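The values are calculated or read from the model by the stated rules, or taken from the named source; none is laboratory data. Remember, predicted model here, so these are calculated numbers, not experimental data. Heads up, the Cβs are rebuilt from the backbone with ideal geometry, glycines too, and the neighbour counts pull from every protein chain shown. Only protein heavy atoms, including side chains, enter the accessible area calculation; ligands, DNA and RNA are left aside. Shrake-Rupley method; radii C 1.70, N 1.55, O 1.52, S 1.80 Å.
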Amino acid sequence: MGNIVANKNGVLYLLLHLFLLCFLVVGEFDLSGLNYTKFIRQASRLRLERIQKHLEKINKPPLITIQSPDGDIIDCVHKRKQPALDHPLLKNHKIQRVPPEMPKRLIQEEVRNSMSNEATIKGTPRQWQWQMWHSNGTRCPKGTVPIRRSSVHDVLRAKSLFHFGKKQRGFINPARRRADAPDIVSGNGHEHAIAYTGTTQEFYGARATINVWDPSIEEVNEFSLSQIWILSGSFDGSDLNSIEAGWQVSPELYGDNRPRLFTYWTTDSYEATGCYNLLCAGFVQTNSRIAIGASISPVSQYTANQYDITILIWKDPKLGNWWMGLGDNTLIGYWPAELFTHLADRATMVEWGGEVVNSRANGQHTSTQMGSGHFPEDGFGKSSYFRNLEVVDADNSLSSVRGISTLAENTNCYNIRSSYNKEWGTFFYYGGPGNNPRCP
């Protein structure tokens, strides 16, 4: 009897395996001109077993499940069952229940939504409203956190199971940057347009307001993102600590071209530790309304409404965890201090800006856009911006950043221009179209 059951199970598994292969390879489709088929590799039975085992680790059993109109499946998982607590360094970690001490002067920052001189003429920036999975009115119940479910498709689009949910590592060529520029993690076709602080100061957080766009992506394995980096450690070694948050468009990671809220962390220069969102153990989510990795809606339109998000990352002076806030003091969750080496104490550099991957798939520079896809000189309503750049000091106080430096590896492809005014404080426009006559 046992052999009969085993044989039946084997036949069922084989049929499922063949179905998956047919569905994954034959059933692939083009999305916005992107060919997904070539990035879906025929999966062996052993590989599918490994993928399924990994998915069982990160897709925790939900109390309820919500189907989003954009295709996402959002699982409402009990907060004590979330992936973060599987990390060996968090074996004895207790989820922080006491609210973190918010940085000072936040109450004075209601002007975040006020218009600048440019905005007065051309329109007022608006804070984003909700994520698409909110549209049917269903919410995750109290005591749970919303987690975007990962699929076999998601993993098969990655280079390998190890690379799923991870950034590629590389370093910027020193010959292509100024002597005083940061050794930002680059290479592997990564290009940036960033503003950054000096390396002789101590930082305990940063904040900025970023308008959200939906840049076009040329190749499935390319991405375009806009984010804040909180950094400490060595850029030329393997101990760089980084905490990151912003919005990104990544067909490889999400399977579409929608802009999505994301987080990232690493403690070893993007080698093995850390990941995007909740795709590995680490980030502890506390919010039941915002799903990290879910799409953002609405987005900015050319010469029309501009929608932006305010992101705050700071170190709780009481317990030492690095918290993430969104919009009007909405707490999303935190990176536990136990995860880090250098960032367990403080940050030594903050960066704000855009990053794209240029794979040069056709022997020329990618046409993947950064930000809105327009150069910074086009200004409000056309270019992407970061406004009200601030840092948190050792006294847990927010202050406007002055005297920032800027860097773009190839200004004919993507560029950045910074400025200052009373309403937007320190701000900059950035981005570009990628491939153009001056960027072959």
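Observations on the structure shown:
- Options 244, 202, 219; residue that is acidic (Asp, Glu) and closer than 20 Å to residue 157 by Cβ: 219
- A single entry from 78, 93 fulfils the requirement of being modelled with pLDDT of 50 or more, farther than 17 Å from residue 154 by Cβ and surrounded by fewer than 16 Cβ atoms within 10 Å (Cβ to Cβ): 78.
- Qualifying residues in the stretch 159-171 (those that are over 16 Å from the mean Cα position of the chain (by Cα) and open to solvent by less than 50 Å² (accessible area, probe 1.4 Å)) - the one modelled with the lowest pLDDT: 170
- Only listed residue being surrounded by 18 or more Cβ atoms within 10 Å (Cβ to Cβ), among the aromatic types (Phe, Trp, Tyr), touching a residue at least 60 places away in the same chain (Cβ under 8 Å) and within 23 Å of residue 137 (Cα to Cα), chosen from 307, 264, 276, 270: 307
- Where a residue in the stretch 239-253 is free of Cβ contacts under 8 Å to residues at least 12 places away in the same chain and its partner, wherever it lies, is surrounded by fewer than 24 Cβ atoms within 10 Å (Cβ to Cβ) and outside any loop (DSSP other than H, G, I, E, B), with Cβ under 8 Å and at least six apart: none
- Residue check, residue 19 under 23 Å from residue 251 (Cα atoms), out of contact with any helix residue (DSSP H, G or I) (no Cβ under 7 Å at 6 or more places or on another chain) and modelled with pLDDT under 60: no
- Residues located in the stretch 313-324, provided they are within 19 Å of residue 288 (Cβ to Cβ) and either crowded, with 24+ Cβ neighbours inside 10 Å or of a type in the set (Ser, Thr, Tyr) (or both): 323, 324
- Answer residue from the stretch 399-429, given it is of a type in the set (D, E, K, R) and closer than 16 Å to residue 355 by Cα and is modelled with the lowest pLDDT among those: 409
- Tally, over the stretch 390-419, of residues that are buried (at least 21 other Cβ atoms within 10 Å of the Cβ) and of a type outside the set (A, V, I, L, M): 3
- Every pair of residues 6+ apart whose Cβ atoms lie under 6 Å, when the first sits in the stretch 322-340 and is more than 14 Å from residue 243 (Cβ to Cβ) while the second is in a strand (DSSP E or B) and open to solvent by 10 Å² or more (accessible area, probe 1.4 Å): 327/127
- Cβ-Cβ under 8 Å pairs, at least 6 apart or on other chains, the stretch 52-68 side closer than 12 Å to residue 148 by Cβ and assigned to a helix (DSSP H, G or I), far side of a type in the set (Gly, Ala, Ser) and open to solvent by less than 70 Å² (accessible area, probe 1.4 Å): 58/150
- From 137, 123, 143, residue being at pLDDT below 60, among the small types (Gly, Ala, Ser), more than 23 Å from the chain's Cα centre (by Cα) and at positive phi: 123
- Subset tally (residues that are in contact with a strand residue (DSSP E or B) (Cβ under 6 Å, 6 or more places away or on another chain), charged (D, E, K, R) and more than 23 Å from residue 365 (Cβ to Cβ)) for the stretch 220-255: 1
- Residue 365 fulfils the conditions (1) within 29 Å of residue 241 (Cα to Cα); (2) touching a Pro at 6+ places or on another chain (Cβ under 8 Å) except for a single criterion, (1).
- Taken together, 405, 383, 419, 400 contain a single residue that is of a type in the set (S, T, N, Q), without any contact (Cβ under 8 Å) to a residue 12 or more places away in the chain and more than 18 Å from residue 190 (Cα to Cα), which is 419.
- Test for residue 228: is it more than 15 Å from residue 371 (Cα to Cα) and either among the β-branched types (Val, Ile, Thr) or open to solvent by 20 Å² or more (accessible area, probe 1.4 Å) (or both): no
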